Amino acid sequence: MSAPLDLAGLARERMAREATKKRARDEQVSPPPSRKAPRLESSTVTFDSGAKLVSLSSVVDSQQRSRKSAVANAANARLRTANVSLPTRPSTESTALPDSASRPPGSLAFPKGVVKKTWALGHPRDGSDIKLEEVLEPTTLRTAVLSAFQWNPTWLLAKLRRSQTKCIFVMQAKTAEEREQIAEAQVDNSSWLRFVFPSMENGVNCMHSKLMLLFHPEKLRVAVPTANLLDFDWGETGVMENSVWLIDLPRLPEERKMEERELTGVGKELMYFMRKAGYPRDVLDGVLSFDFTGTAGAAFVHTVGVRNLDLVSKDTEIDFAASSIGSLNDEYLSHFHAAVSGEDMVARASSATAAAKASFFTAKKASPSDHSIRDKIRIYFPTKETVQDSTAGAAGTICLNRKWFESMTFPRRCFRDYISMRPGLLSHNKILYARGRRKAATIPETEEITEDSETEDEGEASAAPSAGKAGAAAERAGGQVAWAYVGSSNMSESAWGKLVYDKKAKEWKVTCRNWECGVLIPVLTGKEANTQRQDGLADMSVFDGVVKPPFMIPGVEYDGREPWYFQEEH
């Protein structure tokens with residue numbers, strides 16, 4: 001007689017097999033494509049650990065509020081509730097949805113990359129804007145790796161589907177106490193939520209980078225917004241506008257992975273940046289399962305190292321819309337302008353030092369202060385009147401200090417009023433437009449930084465905003481150069497870097513105090529634009545098909561008016 005079946009034992013074995021399979025699935029950041037279309041839920045789910053999510057949001061909000069003054073926090077509170085005064089939209093206004101709205105969720109909507117304005121409540125949709133939900137595509141999203149300076153976790157997570165989406169938040173936490181507070185608040189969510197806290201050592205002051213890696217069954221969406229992960233930054237209260245660059249990268253055939261050396265410039269820089277910031281190994285491995293071919297031509301730029309494009313120019317003009325302004329002077333503007341023109345700032349400083357030593361005993365002629373650099377750069381930042389007349393009426397994330405602006409050395413002549421093309425909106429954008437004439441590169445090629453390089457620490461970088469590729473082999477034909485930057489960097493030394501001399505190492509370097517990242521998008525690389533000015537530069541309209549300025553051009557000069565001071569009572 002055969003032995004009786006051990007049904008209980010068989011059940012235990014079956015459960016063990018299922019648990020093993022589930023663990024394998026859970027460990028995959030980049031899930032393999034399904035043979036069948038994923039079953040989509042009709043709505044977001046209710047979190048079992050809702051109380052803990054509220055606690056997490058409270059901890060994060062408390063830490064964020066401690067970084068700003070009471071006046072700035074009160075202004076931000078108005079940004080969250082300002083939609084009560086929105087005008088009723090006329091029925092004749094367009095409500096066109098983005099191009100991606102007509103495609104199935106998870107499809108390659110943006111295979112070549114695109115820049116979109118963030119949607120704003122109360123304003124017509126013309127296909128050029130996008131909502132956060134349309135960026136995330138939650139119905140097919142499996143893993144979301146999100147980076148920002150400011151957060152509202154409860155608001156954000158309500159847009160995701162807990163039953164299928166795992167999250168990794170890359171956040172600022174300068175002290176061990178801050179990290180412990182966040183860890184305690186999310187303990188019940190640890191099965192689907194992890195945190196990365198980039199190093200704040202070596203003088204780093206702020207984790208300001210904004211980056212999204214959105215893993216879907218058939219694609220990886222990479223998004224670089226200027227917005228934080230807050231409701232008003234994504235237009236939900238109808239008071240603020242931002243921008244976002246996003247691209248959809250197709251999954252490679254099953255079992256195929258890229259080698260890092262095979263990646264495009266964007267892919268290599270993304271991997272380098274993530275490694276330096278401490279992203280988990282499974283995220284790094286997951287990214288290599290996707291084809292980066294569509295990113296060719298663009299550049300992922302960041303404050304961790306030298307990464308250049310062949311966009312060396314002369315007679316460069318800069319138009320920069322920023323939401324935070326540092327302590328500026330002519331020397332910094334000159335360095336910034338040279339870097340945007342493609343010069344290697346470290347090599348330039350080293351050459352100047354050598355020349356100064358050679359001419360040490362030569363009499364120097366005194367010369368009046370030269371402020372001509374101020375005519376080459378326009379900085380778009382709102383005046384006090386523009387902010388007060390806006391839908392919100394105040395803003396705690398649009399930052400400039402009076403003591404800096406009123407300094408004798410501050411370049412006030414550069415400033416233009418930021419007036420949105422969508423009436424009433426304030427701006428949290430960081431968009432730089434550069435135009436010039438092509439110039440041959442004359443600086444020797446810079447050694448490529450590899451994975452094992454120890455030449456730079458977090459907090460140090462080399463000419464981060466540089467758009468020039470050192471070592472052009474031959475003189476290029478004349479022509480126009482134009483490119484745009486979209487990312488997290490504002491107009492400050494903390495964001496772009498400061499040129500300093502390291503006395504111990506006896507060399508020049510550029511130090512950055514922030515974690516930042518963005519995308520540089522070439523528009524003209526030696527060709528002539530259809531529209532140009534008398535000085536031979538392309539007109540600003542050259543950007544319309546790529547990164548159309550969301551603000552009025554040319555900007556209105558301040559003409560004695562004050563900028564918005566975020567720390568003052570108004």
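Data for the structure
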quantity: Residue match in the range 393-408 (condition: among the hydroxyl-bearing types (Ser, Thr, Tyr), modelled with pLDDT under 95 and in contact with a Ser or Thr (Cβ under 8 Å, 6 or more places away or on another chain)); calculated: yes
quantity: In the range 277-287, the residues that are open to solvent by 20 Å² or more (accessible area, probe 1.4 Å) and assigned to a loop (DSSP other than H, G, I, E, B); calculated: Gly278, Pro280
quantity: Residue ID - least open to solvent (accessible area, probe 1.4 Å), chosen from residues in the range 492-513 that are at pLDDT 85 or above and out of contact with any strand residue (DSSP E or B) (no Cβ under 8 Å at 6 or more places or on another chain); calculated: Trp496
quantity: Close pairs from the range 102-126: first under 26 Å from Leu252 (Cα atoms), partner among the hydroxyl-bearing types (Ser, Thr, Tyr) and surrounded by fewer than 16 Cβ atoms within 10 Å (Cβ to Cβ), Cβ under 7 Å, at least 6 apart; calculated: none
quantity: Looking only at the range 409-441, and only at residues there that are among the charged types (D, E, K, R) and not in a loop (DSSP other than H, G, I, E, B), the one that is surrounded by the most Cβ atoms within 10 Å (Cβ to Cβ); calculated: Arg435
quantity: Qualifying position, being within 25 Å of the chain's Cα centre (by Cα), more than 20 Å from Ala338 (Cβ to Cβ) and not basic (Lys, Arg), among Val523, Val510; calculated: Val523
quantity: Filter result for Glu255 (part of a loop (DSSP other than H, G, I, E, B), over 13 Å from Phe292 (Cβ atoms), open to solvent by 20 Å² or more (accessible area, probe 1.4 Å) and at pLDDT 95 or above); calculated: no
quantity: The range 176-205, residues that are at pLDDT 85 or above, closer than 28 Å to Val500 by Cβ and open to solvent by 50 Å² or more (accessible area, probe 1.4 Å); calculated: Phe197, Glu201, Asn205
quantity: Residue match in the range 382-389 (condition: farther than 13 Å from Ser323 by Cα, assigned to a loop (DSSP other than H, G, I, E, B) and open to solvent by 30 Å² or more (accessible area, probe 1.4 Å)); calculated: yes
quantity: Test: residue in the range 314-337 that is small (Gly, Ala, Ser), at pLDDT below 90 and open to solvent by less than 30 Å² (accessible area, probe 1.4 Å); calculated: no
quantity: Condition broken by Ala296, with the remaining ones in (1) over 29 Å from Cys206 (Cβ atoms); (2) open to solvent by less than 20 Å² (accessible area, probe 1.4 Å) satisfied; calculated: (2)
quantity: Some residue of the range 468-491 being basic (Lys, Arg), modelled with pLDDT of 80 or more and either in a loop (DSSP other than H, G, I, E, B) or crowded, with 19+ Cβ neighbours inside 10 Å (or both); calculated: no
quantity: Condition met for Lys548 (touching a residue at least 40 places away in the same chain (Cβ under 8 Å), of a type in the set (Lys, Arg) and open to solvent by 60 Å² or more (accessible area, probe 1.4 Å)); calculated: yes
quantity: Failed condition for Val304, given (1) at pLDDT below 95; (2) in a strand (DSSP E or B); calculated: (2)
quantity: Members of the range 492-507 that are part of a loop (DSSP other than H, G, I, E, B) and within 30 Å of the chain's Cα centre (by Cα); calculated: Ser492, Gly497
quantity: Residues located in the range 121-145, provided they are part of a strand (DSSP E or B) and surrounded by fewer than 21 Cβ atoms within 10 Å (Cβ to Cβ); calculated: Arg125, Asp126
quantity: Some residue of the range 160-173 being part of a strand (DSSP E or B) and open to solvent by 10 Å² or more (accessible area, probe 1.4 Å); calculated: yes
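The values are calculated or read from the model by the stated rules, or taken from the named source; none is laboratory data. Model, not experiment: these values are computed from the prediction. Glycine gets a Cβ as well: all are built from the backbone with ideal geometry, and neighbour counts include every protein chain shown. The area values use the complete protein model at the heavy-atom level, side chains included, leaving out ligands, DNA and RNA. Shrake-Rupley method; radii C 1.70, N 1.55, O 1.52, S 1.80 Å.
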